[in-house]
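The values are calculated or read from the model by the stated rules, or taken from the named source; none is laboratory data. Note that the structure is a prediction, hence the values are computed from the model and not measured. Backbone-built Cβ (ideal geometry, glycine too); neighbour counts: all protein chains shown. Accessible surface areas use protein heavy atoms only, side chains included; no ligands, DNA or RNA. Shrake-Rupley method; radii C 1.70, N 1.55, O 1.52, S 1.80 Å.
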Amino acid sequence: MLLDPSPRRLLSLGLLLLATWWAVPCVKPQAAAATWDFALIGDLPYTPEAETNDFPHLIEDLNRARLEFVVHDGDIKSGSSPCTDAVFRNRFEQFQTIQHPLFYVFGDNEWCDCKREGAGSMDPLERLTQLRSVFCLGSSSLGARTLPVVRQSHSGNHRFREFSENIRWTHKRVLFAGFNLPGGGNNFGEPDYPLRNAANLAWLTDTFAGATANTNLGVVLVIQANPQFEVARTNAIRRGFNAFLDELQLETAAFAGPVLLVHGDSHYFRIDKPLLHPQKRRRMEHFTRVETFGHPDAHWVRVTVDPVDPQLFQFRPQIVEKNREGR
């Protein structure tokens, strides 16, 4: 039987096809999760020239960048320069000119090394208390714009009530934590070490427990010290980090997502994978170490977080043109 070729029949067929097409749900392709960036800096400024030139140039560069926040991994002065209240206050005021939220962890130069004659022969524990009073007030980050932060001093564990510098924050399903692990040897053997080490270990295990419970995409840990992955456990400097690295091995091996450790101290920019699995004795691919630039190199590292990338983190050194060698 032939179809009716009349115009009326063709029009009716066209309307039927149009109605059928209109009734089918329009399925849009799922948008890719957006990437976002944060910045890493540390070990600066060290000299009067860096304080008035290199560091402001770095801040200018950071302020021009599209960033969620900035992390300073410690040493806001040299180890042989004065540890005065005025120096702390000046650095705080400089931090507040950064237009992004700023998270800062303590380094050895601003408290452990204050006992040096050139630094004023001051009591390190008194200086640590002063640092806390300047940089660790409230439940927000530093910087002109702020983000919420959780402090170990308010975590409910009365034993660690003084450790306001140990911090934690979550951003877009990535968990960040900062610790008071200063360079040199983590002040191993000094009166402050046993309790501070216990606080750091508790903060580390709590961080991974929280990341697992909340199904965070990854974990970022920030310390000041180079923990000396490559040297023997019996080394005089390494001894102060053995307990932390042992726990870090266990927690990283048990965690499904990427783990990033950020530190300064050696003033040697690098990205590598130095952590061994505690049983398999091979490198754990989902662990990455980034050491930030340090004096005299006043530059920064851009970290891009890509939620759909299995490795999660991408790194790019950012060279501040005004701070290039030879300028």
* Asked: Dividing the alpha-carbon Rg of segment 189-274 by 2.2 N^0.38 Å yields what?
  -> 1.13
* Quickly estimate the mean residue ellipticity at 222 nm for the chain, helices only: each DSSP H run with n ≥ 4 gives -39500 (n - 2.57), and the total goes over all residues, rounded to 500. => -8500 deg cm²/dmol
* Pairs of lysine residues in the chain - Cα separation under 29 Å, sequence separation of 8 or more or cross-chain -> 5
* Structure fact -> Check: C-alpha center segment 297-327 vs C-alpha center segment 35-70, spacing in Å is 11
* Structure fact -> Ranking ASP246, ASP37 from most to least accessible area with a 1.4 Å probe gives ASP246, ASP37
* **Rg over Rh, two decimals, the chain (C-alpha only, Kirkwood Rh)** => 1.18
* Structure fact -> Rounded to one decimal in Å, the inverse mean reciprocal Cα-Cα distance for segment 241-284, i.e. its Kirkwood radius, is 11.6
* Relative to the longest principal axis of the C-alpha atoms of the chain, give the angle of the C-alpha long axis of helix 193-213, reported between 0 and 90° and rounded to the nearest 10°. => 0
* To do: Starting from the coordinates of the alpha-carbon atoms of segment 67-146, obtain the Kirkwood hydrodynamic radius over all distinct pairs and give the value in Å to one decimal.
  => 12.8
* Structure fact -> Expected max-MSF residue from ARG173, ARG282, ARG239 in the GNM of the chain (alpha carbon, under 10 Å) is ARG282
* Structure fact -> With DSSP loop assignment and no more than 16 other C-beta atoms within 10 Å, the GluC sites (Glu not before Pro) in segment 289-327 are GLU325
* Asked: Rounded to the nearest 5, what is the percent of antiparallel bridges among the DSSP beta bridges in the chain?
  -> 55
* Just the Kirkwood number for segment 160-318, please: inverse of mean 1/r across all distinct Cα pairs, in Å, one decimal. => 16.2
* Give me the net charge of ASN109's neighbourhood, meaning all other residues with Cβ under 9 Å from the Cβ of ASN109; Lys, Arg count +1, Asp, Glu -1. => -4
* **Gyration tensor over alpha-carbon atoms, segment 124-168, equivalent ellipsoid semi-axes in Å** => 18, 15, 6
* Asked: Which value does Rg/Rh take for segment 92-192 over its C-alpha atoms, Rh per Kirkwood?
  -> 0.99
